[in-house]
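All remarks here apply to the structure that follows.
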Amino acid sequence: MNYKKLNIIFKKIKMENINQGINIFNKAVQDFGKSMDSITSEMSADIKKLNKESEIREKKNKENLDKIWGKRD
């Protein structure tokens, strides 16, 4: 490509449009980050809830087995 063609291309590109594109991209990345934070928080809360329920279920199962087979030390 010769310099004249490059010069024509650069004249058509406006810094204003580049800055606008960068700003839009930046906002999209920030929105994506917020969405990922929200999803991560929800998943963490669900995992904590499931772990708590699992502990309660395990305790009840042990109590029921103790009732059936007697307490084991």
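Any read-out appearing in this document is the output of simple, stated calculations on the displayed coordinates, not a laboratory observation. Keep in mind that what you see is a predicted model, and the values were worked out from it rather than measured. All Cβ positions, glycine included, derive from the backbone under ideal geometry; neighbour counts span all protein chains shown.
Simple rule: put +1 on each Lys or Arg Cβ and -1 on each Asp or Glu Cβ in the chain, find the dipole, and look at Asn64, Leu6, Ser44; the Cα lying farthest toward the positive end is Leu6.
Taking the Cα centre of the chain as origin and assigning +1 to Lys and Arg Cβ atoms and -1 to Asp and Glu Cβ atoms, the resulting dipole is close to 440 debye. Against the empirical 2.2 N^0.38 Å (N residues), the chain has a Cα radius of gyration ratio of 2.70.
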